[in-house]
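Read through the structure below, which is laid out as structure tokens, and then see the notes.
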């Protein structure tokens, strides 16, 4: 049975809608039969003959059975070929059957209008309606093959045919399953094999299988039309996937012939694959050219020539395109960055840039997928694609590197902008602070000139100044608190506030000392209040007696400590020690911060020296070494550790480890690298 072209070329097996004349003819015939008092059986027979030939429904039923069996057969196999080419034929024929059945049902409904007893037609329509529903179900099922993810396309199969024509291996045809014999194309391939191998009946019984050359099969395909060749190629590949068609290389193929085959395969594949790659990357090329129009991306600041770029070999085209594309994007976004005021816009820029590079990478990944298919089709000559696979791997690595570097650059710029924004804000607040203190100074100076300054007036002035500065501190605290989780180093900003405070306080010292000397006895309470007020200016925070509401200096320590250098940690430790001695109220807070930073410093020193033990003793004094507090010297040979002061005198005289006697080396002398190279040179 010819499953692939069962009805389309044979109109007598199709059912058409009644024309107007045909319908009137049926009506007139029924009138004549009634006038002759014809019995019901004869009328029913006439109606049945008018609607269809019984053989048609049987033919439809038989075809649907074969098509259903083939569909289930294909569905349970995991073929690496586009099944829609094969199932499309089934679908076309089933749609023809459905059309004939629809016409049959419509014709029957028209005849029913001329009959009083329609039970016969109703019974006649039941199998047709059931078959029609079956056709619709099968069409939906065949449509699901479109959703099957299959890496092999019809073009790949045609390429496989051309590849095997060059290899021209011997091929054999094994037994074909009965289900597949429903396709006449497969039977035609089988008959062609048998015609070339000239196997007689006796040899068939013995199961002797003869082989032909693939070029012979190719000659068979060439005789077909363009559309037929495509279909037959899919059937050949189907048989190959099922291991029904087997190919095997000549055992005694010589090296020279292998080289010729390899060269011929390269000449076939390179132009085809190069075209495929450039078509896939066409959107990237167009976007690169659009950016190039704004700012030249080529060498010597010359505009790119798309034609010249596309004419390059893949080994040059792919790296050049990636370089131009990334450079163009970076130039484009640099212009945008220069105009950005809203820092949140940086996130959109980073996301947009990353998505574009990811699209490029996804295209390269899809090209890598095509390379894998090529290797599958080229077997055993898949080494032909090694250089291309290496180019694609390097290209993906380069795109990932450019993406990572530019994202880091954008994030760094964002941090700098944010830091500048905070610096500017704090500068404005410092200016206001200085104005408030200057106002306080001026007003207090007037009171000092009086013989008996009024305590109430002084308290009011100080209160106003305190309130204004406290508002400033609250604003700064809110600003810094909003960015404390954004990985910013704001240690210098806090330091700046404190430096300004110390500067202003020194300016006021002389004035305050005069005033305090004069009014000390009578104004002890206000002196204490003012001292407390000035001491708290340095901490940019709202404070109360709760340890949960820490000054900003302390709340940010947990964020910035890990980002501080060793020197900054030491400076901060020195500063904290000074504060502890000056302000007993905050001793507990500063000690906690000291302990945290000493732990960080100790951990860093241990990691840097490769020390994992928690308790390490000096090899000279045998006392525990306090990492982060005491300077450490460690022998690179025996790993003995010493206090610097314990071993400094010895090292000054001998420059050697007291324990193992090895001379200490300069870590930047490259001694070990040179030694390793010398040892390797003797291998």
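Out of 130, 139, 97, 105, one residue alone is in the same structural domain as residue 43 (by TED's automatic domain parsing), closer than 27 Å to residue 33 by Cα and part of a helix (DSSP H, G or I). It is 105. Candidates 398, 405, 439: the one that is modelled with pLDDT of 90 or more, more than 30 Å from residue 373 (Cα to Cα) and assigned to a helix (DSSP H, G or I) is 405. Looking only at the range 297-344, residues that are over 22 Å from residue 394 (Cα atoms) and in contact with a helix residue (DSSP H, G or I) (Cβ under 8 Å, 6 or more places away or on another chain) come to 10 in all.
Check the range 167-175 and report whether any residue there is under 14 Å from residue 268 (Cα atoms) and either buried (at least 18 other Cβ atoms within 10 Å of the Cβ) or touching a helix residue (DSSP H, G or I) at 6+ places or on another chain (Cβ under 8 Å) (or both). Yes, because at least one residue in the range 167-175 is under 14 Å from residue 268 (Cα atoms) and either buried (at least 18 other Cβ atoms within 10 Å of the Cβ) or touching a helix residue (DSSP H, G or I) at 6+ places or on another chain (Cβ under 8 Å) (or both).
Matching residues to (1) within 34 Å of the chain's Cα centre (by Cα); (2) at pLDDT below 85; (3) under 22 Å from residue 192 (Cα atoms):
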position	(1), (2), (3)
239	no, no, yes
248	no, yes, yes
255	no, yes, no
264	no, no, no
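Residue 123 meets each of the listed conditions (1) within 20 Å of residue 33 (Cβ to Cβ); (2) buried (at least 16 other Cβ atoms within 10 Å of the Cβ) apart from (2).
Here is the figure for the range 39-68: residues that are touching a residue at least 12 places away in the same chain (Cβ under 8 Å) and either surrounded by 14 or more Cβ atoms within 10 Å (Cβ to Cβ) or under 26 Å from residue 17 (Cβ atoms) (or both) total 19.
Entry remark, the range 607-633: residues being farther than 21 Å from residue 567 by Cβ and under 47 Å from the mean Cα position of the chain (by Cα) number 6 in total. Residue-level check: of (1) farther than 20 Å from residue 90 by Cβ; (2) touching a helix residue (DSSP H, G or I) at 6+ places or on another chain (Cβ under 8 Å); (3) modelled with pLDDT of 85 or more, residue 191 misses just (2). Just one of the listed residues (76, 89) is crowded, with 17+ Cβ neighbours inside 10 Å, modelled with pLDDT under 85 and closer than 30 Å to residue 376 by Cβ, namely 89.
Scanning the range 204-223 for any residue that is outside any helix (DSSP H, G or I), modelled with pLDDT of 85 or more and either under 40 Å from the mean Cα position of the chain (by Cα) or farther than 22 Å from residue 377 by Cβ (or both) turns up at least one such residue. Residues that are under 19 Å from residue 127 (Cα atoms) and touching a residue at least 12 places away in the same chain (Cβ under 8 Å) are absent from the range 19-38 altogether.
The values are calculated or read from the model by the stated rules, or taken from the named source; none is laboratory data. As the structure is a prediction and not an experimental result, all values here were calculated from the model. All Cβ positions, glycine included, derive from the backbone under ideal geometry; neighbour counts span all protein chains shown.
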